[in-house]
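Colleague: Once you've had a glance at the structure underneath, I'll fire off some questions.
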Amino acid sequence: MDGGEVDPIVTGAVVKVGAFGEKMADSAAKETGGLITRLFGPSADVIGNNWAERLRERNLDKLLRKTEKRAAGKADPGIANPRVASQVFEAAEYADAEVVSEYLSGVLASSRTPDGSSDRGVSWVALIRRLSSDELRLHYVIYASARQILLEQGFEQTGSAHNIEVVLPLRDLAASTQMTHRRIGESVEVLMREGLLGDAYRLGPRDFAFENELKRDNVEVVYPEVPALRVRVTVHGFALFAWGNGEGELSKGAYLDPTVEMGPIDSDGQLPLVETKLLKAVVRNKASES
């Protein structure tokens, strides 16, 4: 690209941001303009200050601040890929739910490279846009909770953890996600359709959740008399968790790396985790204990 020209994709991304809100006070405009400059690098300067002055729209402003916070502690977080950024901005326009903003900021932060050339985040933005806030909340709580037990059990490779079945207490899950059992079931089915959970699940009272195992004489079910959700985690689910938490450059490998901290960047986005068990820990072969 000629040094005097502006990349049309960069222009489109920045113009999209600037299309919202009224002019803000000079101090706020300068602050937000600084966030944009750090995000886009020199390309942002060519567009002028008009877009920065109008960047008051709440959701986009929140997104930018979350993205900037994810860069804290990194010597040089790089600049965002404009193709990814333009799609993130468009998705964020009506993203009122904290979890949606968290996931979008994670993808945007993950797209920052020294030259801003990596557009790997495009497909992840498209996936997030297809998911409701219910589905993203459920995805986060399941995978954040399952991550703890998988790390405790020594899983190191995502391939070996793929399709592992986990059990979560339904009442605690409903309280954490602020969802009814019906909404949880509907969201599980969407996550399954997207490959973010494995095929088949069980949701309901203990007798239903472990119906098949309870019919077998040689099997013992060691689980409290409480409703449960049984699902299978997948490598695609691991990868979305990494991208949504700002570690997309490491992809799914970040999920089982104990040195990588992942979670919401703001306290408003925190969702309580629930005690999660591996199925093999609660369904035991009686013969093996004799």
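The values are calculated or read from the model by the stated rules, or taken from the named source; none is laboratory data. Small disclaimer: the values here were computed from a predicted structure and weren't measured. Glycine also receives a Cβ, built like all others from the backbone with ideal geometry; neighbour counts cover every protein chain displayed. When the accessible area is computed, the model is the full protein with side chains, heavy atoms only, and any ligands, DNA or RNA have been set aside. Shrake-Rupley method; radii C 1.70, N 1.55, O 1.52, S 1.80 Å.
Colleague: Could you tell me which of the pairs Lys66/Lys277; Lys74/Lys252; Lys215/Lys280; Lys252/Lys286; Lys62/Lys252; Lys69/Lys277 are separated by over 24 angstrom between their Cα atoms in the structure shown? Mind dumping the intermediate values first?
Modeller: On the way: Lys66/Lys277 32 Å; Lys74/Lys252 20 Å; Lys215/Lys280 17 Å; Lys252/Lys286 36 Å; Lys62/Lys252 26 Å; Lys69/Lys277 33 Å.
Over 24 Å apart, Cα to Cα: Lys66/Lys277; Lys252/Lys286; Lys62/Lys252; Lys69/Lys277.
Colleague: With an 8 Å cut-off on Cα pairs and a minimum separation of 6 or more residues, tell me the relative contact order of the stretch 162-224 in percent.
Modeller: Relative contact order of the stretch 162-224: 20 percent.
Colleague: Okay, moving on. For Val219, list long-range residues whose amide hydrogen, built 1.01 Å from N in the peptide plane, is under 5 Å from its own amide hydrogen.
Modeller: Residues meeting the criterion, in which the H sits 1.01 Å from N, are Lys286.
Colleague: OK, next. So, by mean Cβ neighbours within 10 angstrom, what's the order for 152-161, 179-188 with the highest one leading?
Modeller: For the peptides 152-161, 179-188, the packing ranking is 179-188, 152-161.
Colleague: What ranking do 77-88, 207-218 get when scored by the average of other Cβ atoms within 10 Å per residue, highest first?
Modeller: The peptides rank, most packed first, as 77-88, 207-218.
Colleague: Of the heavy-atom accessible surface of the stretch 151-275 (probe 1.4 angstrom), what whole percent is carbon and sulfur?
Modeller: Exposed carbon and sulfur together represent 46 percent of the surface.
Colleague: What relative contact order, as a whole-number percentage, does the stretch 160-290 give when Cα pairs under 8 Å and 6 or more residues apart are counted?
Modeller: RCO, the stretch 160-290: 35 percent.
Colleague: Which whole-number value in Å² is the accessible area per residue of the stretch 89-139, probe 1.4 Å?
Modeller: For the stretch 89-139, the solvent-accessible area averages 35 Å² per residue.
Colleague: Hey, what do the phi angles of the stretch 211-220 turn into as Karplus ³J(HN,Hα) couplings, whole Hz, using 6.51/-1.76/1.60 and θ = phi - 60°, x for Gly and Pro?
Modeller: 3, 5, 5, 5, 7, 8, 5, 8, 10, 10
Colleague: Separate question: Can you give me the convex hull volume of the Cα atoms of the stretch 141-290, divided per residue and expressed in Å³?
Modeller: Roughly 115 Å³ of hull volume per residue.
Colleague: Mind ranking 107-114, 260-267 by how tightly packed they are, going by the mean number of other C-beta atoms within 10 angstrom, highest first?
Modeller: Top of the packing list down: 107-114, 260-267.
Colleague: Additional query: Kindly report the accessible area of the stretch 154-290 per residue (heavy atoms of protein chains, probe 1.4 Å, no ligands, DNA or RNA), in Å².
Modeller: Here the residues of the stretch 154-290 average 50 Å² of exposed surface.
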